[in-house]
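Asks: First the structure, which I've put down as structure tokens, then a few questions once you've had a look.
Computed from the coordinates by the stated procedures, all read-outs in this text should not be read as laboratory data. The shown structure was predicted, so the numbers you read here are calculated from the model rather than taken from an experiment. We place every Cβ from the backbone using ideal geometry, glycine too, and count neighbours over all the protein chains shown.
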Amino acid sequence: MNVELRGIHKAFGSNQVLKDVSLSLQGGEVCALLGENGAGKSTLMNILGGVLPKDQGKILLDGQEREFESPSASLEAGIAFIHQELNLINDLPIYENMFLGRELKKKSGLLDLEEMERQTAAVFTKMGVSLNPRTMVRDLDASYKQIVEISRAMMMNASIIIMDEPTTSLTDPEIQRVFEMMKTMKSHGVGIIFISHKLGEVMTICDRYAVLRDGAKVAEGEVKDVDTDLLAKLMVGHDVRTESLQREGEKGEEVLRLENLTREPHFRNISLSVHRGEILGVTGLLGDGRSELFLTVFGAEKPAAGKIILEGKEIQLPGTPHALKSGIGYLPRNRKENGIIKDMDIFENASIVTWPKFARRGFIDRTVQAEKFASQVKKLNIRMGKKTDPILSLSGGNQQKVVLAKWLTANPKVLILDNPTQGVDVGAKEDIYDIILKLAEENIAVVVLSSEAQEIIRVCSRALVMYHGAIQGEVSGPTMNEHDIMKLATGGRLNIAQKGENGIHG
Ligand SMILES: Nc1ncnc2c1ncn2[C@@H]1O[C@H](COP(=O)(O)OP(=O)(O)OP(=O)(O)O)[C@@H](O)[C@H]1O
Ligand SMILES: [Mg+2]
């Protein structure tokens, strides 16, 4: 099937979000839909997916004009939309999730569980997926959840699949798994629209690209004719720098030290120290334990053994308020699940940390907070309406900036940033990197947790690589490279000979 969007317009109030956008897709083709945060990508796909009405324009399937009044109407026509916040129910087995909303029933009216399980198994076989249909969704990692959604689209005979930032919270091997699945879909003649801010992925998996800027289509073409630098430039409208931002700089005194911190099965015997003004990277693959480790440092989990030492004194952290009070800040990994409070407005989300700094005689100074927030909005180039609008009215990347903004005004001693640039466009990523550098210049000890080796290399002066809950090695200095990081992350060791010379200690 081929789909064509022609002259689509869409406004939210006075905010004209899509201006005369046209886009087409053939069966068996993967097209990247690119653009800065707030450019209108999700909105365009919400129109194709029947989630939002368009103001003007046409949707044509195989040349026939169609109107989709609901997501199910769009799905009925063969268009499956995989939203970033996946629509699976954790407490049901895979096969029931595959039939959500269209459960198979027996004549008696009871659910036909056997038949649902059988059909699920059949799709998995066809797609080459080795999952047991009876597994509970809760027990699947993020990539398998994606794969269940893709299989569900396949089972419903979708001809077009829309994937809105499917890889944002996935690790490298998980991404590979999703890519394999996309190739299988492609070979079955399915057309895929792939939204991502990771341009390397676009080069790997996409055939064509289209770029939106401020709601208008500014470029399109074949991926083989471009490189990531050019795509970045098309998205933001100017060159994007790519050089390393590492600074030589003196590190200050030690702020945080961990001694043999252990919480089985997640991590064991972790000893490390972070200094004022330092940007320490911590990286690794799925199951490395870095997020669990730093959740513990933030007081969200209790360690079984070991010490947390802040400014030379051992501290006990019975909960996150204690960590905050001690001066430890934390930006959580998964914005959609942990970072935002969906019922609150933008400003409330940006100021939810009741930080001692703003408390004057026991109450929080809202005026000071509001001023700080206004300056962050400018600094981070957050695209928003009023600060009292709901947080969910922002595009994904702008939500991430709001969540980050609250930590920037808080001025902690140690700031832990887990996956700080998730879903953030290439230009804004640079803004966030600049902010991280600025925080370090202000003598904050910054810990950046990331699965992107490129990110670690660009912003950190030193990085620890974890493997299965232990520190496998350390890389530092100007010779840090992806190869060494991957080697450590997969359980390898670096040559002793490389030590010193390259500033690498494995
Ligand atoms: N339901 C809504 N109500 C009001 N404004 C909205 C709504 N949904 C989106 N917008 C606005 O429309 C614009 C485009 O948002 P959209 O979500 O399409 O961006 P995007 O390209 O997907 O960005 P990102 O990469 O950050 O996900 C933004 O300015 C956003 O604030
Ligand atoms: Mg979006």
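Asks: Compute the FRET efficiency between residue 316 and residue 156 as 1/(1 + (r/R0)^6), taking r as their Cβ-Cβ distance and R0 = 56 Å, and round to the nearest 0.05. Spell out each step's value before the answer.
Replies: On the way: r = 52 Å, r/R0 = 0.94.
According to the calculation, E is roughly 0.60.
Asks: Also, quick follow-up: What percent do you get for the relative contact order of the chain when only Cα pairs under 8 Å and 6+ apart count?
Replies: Working: 1023 pairs, mean separation 76.4, N = 506.
It comes to 15 percent, rounded to a whole number.
Asks: A follow-up question, please. May I ask what percent, to the nearest 5, of DSSP beta bridges between residues of the chain are antiparallel?
Replies: Details: 46 of 82 bridges.
Antiparallel bridges make up about 55 percent of those DSSP assigns within the chain.
Asks: Next question, about the same structure. Compute the acute angle (0 to 90°) between the alpha-carbon long axis of helix 426-441 and the principal axis of greatest extent of the alpha-carbon atoms of the chain; round to the nearest 10°.
Replies: Here the helix axis deviates by roughly 10 degrees.
Asks: Okay, moving on. Based only on other Cβ atoms within 10 Å, what is the fewest-to-most ordering of 228, 43? Each step should come with its number before you reach the end.
Replies: Values: 228 16, 43 21.
Placing the least packed residue first, the sequence is 228, 43.
Asks: How high is the FRET efficiency from residue 89 to residue 183, r the C-beta distance, R0 22 Å, rounded to 0.05?
Replies: For R0 = 22 Å, the calculated efficiency reads 0.20.
Asks: For the cross-link pairs 10/186; 145/386; 302/487; 145/378; 413/438, which exceed 25 Å when the distance is taken from alpha carbon to alpha carbon? Working shown, then result.
Replies: Values: 10/186 30 Å; 145/386 35 Å; 302/487 31 Å; 145/378 37 Å; 413/438 14 Å.
Exceeds cut-off: 10/186; 145/386; 302/487; 145/378.
Asks: How would you order 104-112, 294-302, 411-419, 22-30 from highest to lowest mean count of nearby Cβ atoms within 10 Å? Spell out each step's value before the answer.
Replies: Values: 104-112: 10.3, 294-302: 20.1, 411-419: 22.3, 22-30: 17.9.
Ranked by mean Cβ neighbours within 10 Å, highest first: 411-419, 294-302, 22-30, 104-112.
Asks: Taking only DSSP H segments of four or more residues, each worth -39500 (n - 2.57), what value at 222 nm results for the chain once the sum is divided by all its residues, to the nearest 500 deg cm²/dmol?
Replies: Numbers: 16 runs with 158 residues, N = 506.
Helix contribution divided over all residues of the chain: -9000 deg cm²/dmol.
Asks: With each pseudo-label sitting 7 Å past Cα toward Cβ, what's the residue 69-residue 102 distance in nm, one decimal?
Replies: 1.9
Asks: Any idea what Rg and Dmax come out to for the chain if you just take the C-alpha atoms, in Å?
Replies: 23.8, 75
Asks: Now, a different point. Using 0.36 nm per residue of separation minus the Cα-Cα distance, give me the extension gain between residue 381 and residue 111 in nm, one decimal. Walk me through the numbers before you get to the answer.
Replies: Details: separation 270, 0.36 × 270 = 97.20 nm, distance 5.10 nm.
Going from the current span to full extension adds 92.1 nm.
Asks: Arrange 406, 145 by Cβ neighbour counts within 10 Å, fewest through most, would you?
Replies: Sorted ascending by nearby Cβ count, the order is 145, 406.
Asks: From Cα coordinates alone, what are the radius of gyration and Dmax values for the stretch 3-236 in angstrom?
Replies: That works out to 18.1, 60 Å for Rg and Dmax.
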